[in-house]
Amino acid sequence: METAPFGTRLIVRGPAWLRFDDVELSQENAWLRRKAEDPEHTGWYIERFRKLAAAGEDLAGEARLVDAMVPRRARILDAGSGTGRVGAALHAAGHDVVGVDLDPELVLAARKDHPGPSWLVGDLADLDIQPADFDAIVSAGNVMAFVAPATRIKILENCKRHLKDGGRLIIGFGAGRGYAFEDFLDDARAAGLRQDVLLATWDLRPFTPESDFLVAILS
């Protein structure tokens, strides 16, 4: 168990998130596969976003959408938080943010670059955060396209379980990443989630059959 600020408790059932040398696991999870193929990949990814931030690029588009959907001082889970850019922007807007990511290197970078939120290492398929009463859960950065296919429904079920009554789950990922939008929406229904709104971008453009990106707002 890893303890975090704000009375948050993260339970990870098993050490799978540490097994970067496990060939079978790396074949299942696209991020771990990339890390196994190129041990420098995470470092490159971290530096990429540091350079974008230093150049003044807009890295908070996802956070603006989520911020518009929740009350002030909401409790938000950044699921697959990466370098922390989305959760950090939501924290700056006054929200209580918990971020969880599989890669310890990304979590260390988030803690260094964006102090304030609670950044935790864990597998979204095997985590239990208490209290499980989030106003919103956001999963940006193509996270759902990276996770092991066998864990997709379980992750969606975990997200549903961590939402408070009236809470919403916001997931965004691109086409051509091995997870068809139709399959994702079928999995969301199988997990007991209701489809509220489908968008093609984080700036509220409508989703169409020709869209190459999906932002799904579920409850």
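What are the residues in segment 93-120 that are small (Gly, Ala, Ser), touching a residue at least 40 places away in the same chain (Cβ under 8 Å) and part of a strand (DSSP E or B), if any?
Listed by number, the list holds a single entry, Ser118.
Residues being without any contact (Cβ under 8 Å) to a residue 40 or more places away in the chain and under 13 Å from the mean Cα position of the chain (by Cα): count how many of those fall in segment 157-172.
1
Of the residues that sit in segment 9-53 and are touching a strand residue (DSSP E or B) at 6+ places or on another chain (Cβ under 7 Å) and not in a helix (DSSP H, G or I), which one is modelled with the highest pLDDT?
If we take residues in segment 9-53 being touching a strand residue (DSSP E or B) at 6+ places or on another chain (Cβ under 7 Å) and not in a helix (DSSP H, G or I), then Leu10 is modelled with the highest pLDDT.
Only one of these conditions is not met by Ala93: (1) at pLDDT 95 or above; (2) open to solvent by less than 40 Å² (accessible area, probe 1.4 Å). Which number is it?
(2)
Residues checked against (1) assigned to a strand (DSSP E or B); (2) modelled with pLDDT under 95; (3) of a type in the set (Lys, Arg); (4) within 17 Å of Arg75 (Cα to Cα):
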{"position": "Gly141", "(1), (2), (3), (4)": "no, yes, no, no"}
{"position": "Ile155", "(1), (2), (3), (4)": "no, no, no, no"}
{"position": "Gly167", "(1), (2), (3), (4)": "yes, no, no, yes"}
{"position": "Gly176", "(1), (2), (3), (4)": "no, no, no, no"}
{"position": "Leu198", "(1), (2), (3), (4)": "yes, no, no, no"}
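Which of the following residues is under 13 Å from Ala30 (Cβ atoms) and surrounded by fewer than 18 Cβ atoms within 10 Å (Cβ to Cβ): Pro131, Pro149?
Result of the check over Pro131, Pro149: Pro149.
Being closer than 16 Å to Met69 by Cβ and either β-branched (Val, Ile, Thr) or surrounded by 14 or more Cβ atoms within 10 Å (Cβ to Cβ) (or both) is the filter here, so list the residues in segment 185-219 that pass it.
Leu193, Val197, Leu198, Leu199, Thr201, Trp202, Val215, Ala216, Ile217, Leu218, Ser219
Of everything in segment 24-48 that's free of Cβ contacts under 8 Å to residues at least 60 places away in the same chain and open to solvent by less than 30 Å² (accessible area, probe 1.4 Å), which residue is nearest to His114 (Cα to Cα)?
His41
The values are calculated or read from the model by the stated rules, or taken from the named source; none is laboratory data. All figures in this text were calculated on a predicted structure; none of them were measured in a lab. All Cβ positions, glycine included, derive from the backbone under ideal geometry; neighbour counts span all protein chains shown. Surface areas here come from the heavy atoms of the whole protein model, side chains and all, with no ligands, DNA or RNA. Shrake-Rupley method; radii C 1.70, N 1.55, O 1.52, S 1.80 Å.
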